[in-house]
2 protein chains.
Amino acid sequence: MSSDVIALASDHGGVELKSLLKQELLQAGHGVLDLGTEGSASVDYPDFAEAMAEAIRQGAAGRGVLICGTGIGISIAANRYPFIRAALVADVTTARLSRQHNDANVLVLGGRTMGAEVARDCLKAFLETPFEGGRHQRRIDKMGLART
Amino acid sequence: MSSDVIALASDHGGVELKSLLKQELLQAGHGVLDLGTEGSASVDYPDFAEAMAEAIRQGAAGRGVLICGTGIGISIAANRYPFIRAALVADVTTARLSRQHNDANVLVLGGRTMGAEVARDCLKAFLETPFEGGRHQRRIDKMGLART
């Protein structure tokens, strides 16, 4: 099922961490959709946020992981789309809360700010933590509108 | 000048940190626009992200600080608006980079995840660090479009 596929995308600042997390996901038996980039050539992070949004919009993936140098630029770009809830997290606690409170469908990490072991734990928390619903659903509904 | 005014807004999870940063800004001689909330009653963070976006859209403030429990929800909501670049930061390094690379106009902090001294340093870095321009401007231009 495509809703079980996890999409990955990064700019050049996230290539190494993306590769590491891709192996982690494949070893755990997840379906993976790698949207690039590959290699160290400088690219623009909004293009990869857009690729992620289109993959989720079209149902090619149900969830995703985005990475740029700090995660800041690619999280801003991804959250332009009203059906994306992209959570830039710094540790496993915020990764857990992004699921419990925000029903995040995209995890955002900083490829130059977060180490590999922390990133692995954040990914695990993101994948395994359920949404709490309740009052949090009302807040999420308010974010589902297109803004200009 | 209203472009020198700094707007502050938070949900109930950020009231204490907002109050602390407000005093910090006033003591440093900044104009401050406090958009609430006040008190501990539970409110919805998207309403305060919207208040911030409207204050910046209308020119009542040039920059802002948003706070919720983790900063995740209110950063997602604020970045729905194509003229907002809301940077959720975890430390002074990411606060600095949010200005240098992303020209962030809104600093986002977690009221329940970040301590007061770190928050003060992040605010200082956000206010004092210039944007680097160049290749970063091209990426920002790509994020200036409304998305649906």
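The values are calculated or read from the model by the stated rules, or taken from the named source; none is laboratory data. No experiment lies behind these values; they were computed from the predicted model shown. We place every Cβ from the backbone using ideal geometry, glycine too, and count neighbours over all the protein chains shown.
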(request) Just name the residue that is surrounded by the most Cβ atoms within 10 Å (Cβ to Cβ) out of those in region B:107-116 that are within 14 Å of the chain's Cα centre (by Cα) and at the interface with chain A (Cβ under 10 Å from one of its Cβ atoms). (result) B:Val108
(message) So in region B:125-136, with the set limited to residues that are in a helix (DSSP H, G or I) and touching a residue at least 12 places away in the same chain (Cβ under 8 Å), which one is nearest to B:His30 (Cα to Cα)?
(response) B:Leu127
(message) When you check B:Ala125 against the structure, is it more than 15 Å from the chain's Cα centre (by Cα) and farther than 18 Å from B:Ala78 by Cβ, yes or no?
(response) no
(request) Go through the residues of region A:24-43 one by one and say whether even a single one is closer than 27 Å to B:Val106 by Cα and at pLDDT 95 or above. (result) yes
(message) Would you confirm, using the coordinates I've provided, whether A:Ala119 is within 22 Å of B:Ser98 (Cβ to Cβ), more than 12 Å from chain B (Cβ to nearest Cβ) and either in a helix (DSSP H, G or I) or at pLDDT below 95 (or both)?
(response) yes
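Could you name every one of the helices (runs of 4 or more DSSP H) located completely within region A:9-101 that has at least 2 residues being of a type in the set (Asp, Glu) and more than 10 Å from chain B (Cβ to nearest Cβ)?
Working: elements: A:15-27, A:45-57, A:72-78, A:92-100.
Counting at least 2 such residues, we get A:15-27.
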(message) Can you tell me which condition A:Gly29 does not meet? The list is (1) surrounded by fewer than 22 Cβ atoms within 10 Å (Cβ to Cβ); (2) at positive phi; (3) touching a residue at least 12 places away in the same chain (Cβ under 8 Å), and all the others hold.
(response) (3)
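From the list B:Leu123, B:Leu97, B:Leu107, B:Leu127, which residue is hydrophobic (A, V, I, L, M, F, W, C) and in contact with a strand residue (DSSP E or B) (Cβ under 6 Å, 6 or more places away or on another chain)?
Details: B:Leu123 fails: in contact with a strand residue (DSSP E or B) (Cβ under 6 Å, 6 or more places away or on another chain); B:Leu97 fails: in contact with a strand residue (DSSP E or B) (Cβ under 6 Å, 6 or more places away or on another chain); B:Leu127 fails: in contact with a strand residue (DSSP E or B) (Cβ under 6 Å, 6 or more places away or on another chain).
Among B:Leu123, B:Leu97, B:Leu107, B:Leu127, only B:Leu107 is hydrophobic (A, V, I, L, M, F, W, C) and in contact with a strand residue (DSSP E or B) (Cβ under 6 Å, 6 or more places away or on another chain).
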(request) Report the residue count in region A:1-23 for those that are acidic (Asp, Glu), modelled with pLDDT of 95 or more and under 21 Å from A:Ala104 (Cα atoms). (result) 1
(message) So, in region B:122-146, exactly how many residues are touching a Pro at 6+ places or on another chain (Cβ under 7 Å) and away from chain A (no Cβ under 12 Å)?
(response) 0
(message) Of all residues being among the acidic types (Asp, Glu) and in contact (Cβ under 8 Å) with a residue 24 or more places away in the chain in region B:52-110, which is farthest from A:Tyr81 (Cα to Cα)? Just the residue, please.
(response) B:Asp91
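Being touching a residue at least 60 places away in the same chain (Cβ under 8 Å) and touching a helix residue (DSSP H, G or I) at 6+ places or on another chain (Cβ under 7 Å): is that true of B:Leu145 here?
Details: touching a residue at least 60 places away in the same chain (Cβ under 8 Å): yes; touching a helix residue (DSSP H, G or I) at 6+ places or on another chain (Cβ under 7 Å): no.
Considered against the rule, which asks whether it is touching a residue at least 60 places away in the same chain (Cβ under 8 Å) and touching a helix residue (DSSP H, G or I) at 6+ places or on another chain (Cβ under 7 Å), B:Leu145 comes out as no.
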